[in-house]
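The values are calculated or read from the model by the stated rules, or taken from the named source; none is laboratory data. Here the structure is a predicted model, which is why all the values come from computation and not from measurement. Heads up, the Cβs are rebuilt from the backbone with ideal geometry, glycines too, and the neighbour counts pull from every protein chain shown.
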Amino acid sequence: MKRSLSVIALLILLIAGGGAWYIHSKQPVRNGELALNSLKAPVSVRYDERGVPHIKAENQDDLYRALGYVHAQDRLFQMEILRRLARGELAEILGPKLVNTDKLFRSLRIREHADEYVARQDKNTPAWKALEAYLDGVNQFQATHPRPVEFDVLGIDKRPFTAEDTLSIGGYLAYSFAAAFRTEPLLTYVRDQLGPQYLKVFDLDWQTQGALGQGPALSSKDWRGLSDLALLSQQALEDAGLPQFEGSNAWAVSGSRTQSGKPLLAGDPHIRFSVPAVWYEAQLSAPGFELYGHFQALNPFALLGHNMDFGWSLTMFQNDDVDLIAEKVNPENPNQIWYHGAWAEMTSRPEQIKVKGESPITFTLRQSPHGPIVNDVLNARGIQEHADTPVAMWWSFLESENPILQGFYEANRADTLDKMRSAAEKIQSPGLNVVYANAKGDIGWWAAAQLPKRPAGVNPAFLLDGSTSQADKDGFYPFSANPQEENPARGYIVSANFQPVSPTGMEIPGYYNLAERGRQLNRQLSDPSVKWNLENSQALQLGTRTDYAAQILKPLIPVLRRVITDPEEHDLIERLAAWKGDYSVDSVGATLFNQFLYNLCDQTFRDELGDGLFATLLSTRVIDMALPKLAADANSPWWNNRNSPEPESRDNTVKVAWHATVSHLKSLYGLNADEWTWGKAHTLTHEHPLGRQPPLDMLFNVGPFAAPGTHEVPNNLSASITTAPWPVTYGPSTRRLIDFADPAHALGINPVGQSGVLFDKHYADQAQRYIAGQYVPEQFSEGDVAGNSKEELRLVPSH
């Protein structure tokens, strides 16, 4: 027995030792000296207490090569999974459940567009040489180090990263902004299948306009396919566990309105939470160039950044840059559609998708003169069954020149308004708001996108009729017509995803957020008694109150008081009526309101839309606009339940929704309503792509944390409209504050950690501080960097 126990003990030690060695072999190397090919001189990489690299090089090529190397050692799997998503190659490593996601991304033509884009670039520009050096650094790291843990788990083979991968990820970012895939099928269904009177709740009034009227009648198979496409367009990114751009706040305050007398810049882009977090922080320093930047996977140019002279942040423009176009098919030839007065051929070509553990799948990509056909992607696995009505996609990402890499290369160096305006003009897709400030005293904002010229009278919120001129484009408007401001007299600029105004007064269709968040920020920033500094700017970024709930409750509280008779439930109604719209973690009113909101939607919209389009509605921004209008309109046709023999009124529906709310919250959290707190129901878990599968969730995910905030408050920690509990899906992907009186002491935070390497000390070391609303210094000056360096890696030329 003694001998057996000794053998078991030895085996345990060997397994433990082997596991420790395995984990250790995967960890980033942040100390010592390593040789890199093609370096011209040594490069210093000093890591601070958060694992942020401060890179100092003697020339640009060495600087970007070193950035690629250190970025890869912290985020190689993120780079791999994002390029596979963008290029439609996830099923090869994640199996058959990702086939439809791959079909969707192949049908978007991102991969072929990226390949063509790279082929026509001038490879001798400083920006392109920087990209090549960066990718070389990424590939040198990958070639000389063990594969990440995720590569081993999924059986991913190493292969070099390319400029085509970088541009493909740019396409994924542009796609993640595109609400048209969800919204246009939904609104067209409401118009055509329910009737124009049902559109009024969405602030849409439909009149047929002759040749610009409704398009081809869609069959039930078409509607099923479009409903599936709408669902898939949302689920594709969720199922992959990858970030998706959702909204953002940014503001710049001129020196006349700040305590320091210099401009102040604030920004917090709202992006789906994930592990690792979307941004990789790094300070870059070379002769003539200094920047503290926030970088995305496989992109050497910071999308957010600052130095001693200037800084900028981004929000999503949310302009409508996608049109879905219903084609009229020739009854005699299913490969032809009616285009500009004649039958035109659609082209097609086969695509093959590799599937883990199974045979490859071959399917056909079709294209009309308007663009790729997108509603063929959801056919049953292995069977190609075309829709009765092909729906084509016109997408500005595929049509514009879009010198976006050059744009951000210039933005990283834009120390004047003129330079940043010129950089913003080169950012054409996806649409972004660039909010800027500099130490000289300037502030500015530019809506960066190429806005298409559509025919007069066309409403791109609906599917367009490809057999008419509806879908035609007459080029793009000049950048000077885009919304923009420079040094406005009021002394501040706010960008919060609301509908912007063009200097020409032209319409800018889009899927904008409610104005409430922007109005709230505007109301506070416009207060002449406040001088802004880093401290009160933090309070503004962390705000958790909204007027939106009051708009919905004001007409409904009297209804509830009238139709609810139970005294205990009356107490809850009064509690809700007294709630001030604040989403602190200890709020009970927030929990009551959000459950009631879902039950109200469920009782109102599901019977008309069916399960698929109802789920799509809840994922769109149009639901936010609809609910206050619905609550205030007792005669809206939506109140009637089509599945009931008797007509329902608003009173009936509100009563049923309230009873369902109270019943559900009691079943989850008990009979004592004091226990129904927001932080118990509303939690944030940072999810890794592998963390969707138990028991890997316990290893890779970070959280849960009780989360304050909600949709459309400044601290926009948002969950879907659904039944409690509410897992937070997206929110501030960083919070940055820069006072240009002292830009070396800017503040920021990463939602999780700098590293994406499991068991690394920087994997989740900022998560607790983030959820608590804390900020950390972004070290910039030589003294601060030297004084806070914890490790130093020297990269030297190989001999």
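Any chance the range 779-798 includes a residue that's crowded, with 21+ Cβ neighbours inside 10 Å and of a type in the set (Asp, Glu)?
no
Got a number for residues in the range 630-659 being of a type outside the set (S, T, N, Q), in contact with a Phe, Trp or Tyr (Cβ under 8 Å, 6 or more places away or on another chain) and in a helix (DSSP H, G or I)?
Number satisfying all stated conditions: 6.
Identify all residues within the range 509-554 that are over 30 Å from Ala178 (Cα atoms) and in the same structural domain as Ala660 (by TED's automatic domain parsing); write none if there are none.
Within the range 509-554, Leu553, Lys554 meet the criteria.
Within 26 Å of Phe177 (Cα to Cα) and of a type in the set (Val, Ile, Thr): which single residue out of Ile623, Ile557, Ile573, Ile564 fits that description?
Ile623
Within the range 388-417, how many residues turn out to be more than 30 Å from Pro369 (Cα to Cα), among the hydroxyl-bearing types (Ser, Thr, Tyr) and in a loop (DSSP other than H, G, I, E, B)?
The qualifying residues number 1.
Looking at the range 683-701, which of the residues that are of a type outside the set (Ser, Thr, Tyr) and assigned to a strand (DSSP E or B) is nearest to the chain's Cα centre (by Cα)?
His686
Which one of the conditions (1) assigned by TED's automatic domain parsing to the domain that holds Leu231; (2) surrounded by 16 or more Cβ atoms within 10 Å (Cβ to Cβ) does Gly581 fail to meet, given that it meets all the rest?
Unmet for Gly581, out of (1) assigned by TED's automatic domain parsing to the domain that holds Leu231; (2) surrounded by 16 or more Cβ atoms within 10 Å (Cβ to Cβ): (1).
Does the range 413-456 hold any residues that are of a type in the set (Phe, Trp, Tyr) and touching a residue at least 40 places away in the same chain (Cβ under 8 Å), and which are they?
Tyr436, Trp445
Which condition from (1) crowded, with 21+ Cβ neighbours inside 10 Å; (2) outside any strand (DSSP E or B) is the one that Ile493 breaks?
(2)
Would you check which residues across the range 535-557 are farther than 23 Å from Met625 by Cβ and either among the acidic types (Asp, Glu) or part of a helix (DSSP H, G or I) (or both) and list them?
Glu535, Asn536, Ser537, Gln538, Ala539, Leu540, Gln541
Out of all the residues in the range 22-29, is one or more in a strand (DSSP E or B) and either modelled with pLDDT under 95 or surrounded by 23 or more Cβ atoms within 10 Å (Cβ to Cβ) (or both)?
The answer is no; no qualifying residue exists.
Which ranges mark the strands (runs of 3 or more DSSP E) fully within the range 307-363 that have 2 or more residues being farther than 30 Å from Asn412 by Cβ?
Of the strands (runs of 3 or more DSSP E) lying wholly inside the range 307-363, those with at least 2 residues that are farther than 30 Å from Asn412 by Cβ span 322-326, 333-339, 342-345, 347-355.
Does the range 550-568 hold any residues that are closer than 16 Å to Val662 by Cα and exposed (fewer than 15 other Cβ atoms within 10 Å of the Cβ), and which are they?
Residues satisfying the conditions are Arg561, Thr565, Asp566, Pro567, Glu568.
Since Thr653 meets every condition but one in (1) touching a residue at least 60 places away in the same chain (Cβ under 8 Å); (2) touching a Ser or Thr at 6+ places or on another chain (Cβ under 7 Å), which condition does it not meet?
Tallying (1) touching a residue at least 60 places away in the same chain (Cβ under 8 Å); (2) touching a Ser or Thr at 6+ places or on another chain (Cβ under 7 Å), Thr653 fails exactly one: (1).
Determine which member of the set Ala114, Ala72, Ala143 is more than 21 Å from Lys26 (Cα to Cα) and not charged (D, E, K, R).
Ala114
Filter the range 446-469 down to the residues that are outside any loop (DSSP other than H, G, I, E, B) and surrounded by fewer than 24 Cβ atoms within 10 Å (Cβ to Cβ) and list them by number.
Once the filter is applied, which keeps residues that are outside any loop (DSSP other than H, G, I, E, B) and surrounded by fewer than 24 Cβ atoms within 10 Å (Cβ to Cβ), the range 446-469 yields Pro452, Asp465.
Filter the range 650-703 for residues that are among the hydroxyl-bearing types (Ser, Thr, Tyr) and loosely packed, with under 15 Cβ neighbours inside 10 Å and give the result.
Residues satisfying the conditions are Ser663, Ser667.
So, in the range 217-250, of the ones that are in contact with a Gly (Cβ under 8 Å, 6 or more places away or on another chain) and not in a helix (DSSP H, G or I), which residue ends up modelled with the lowest pLDDT?
Gly241
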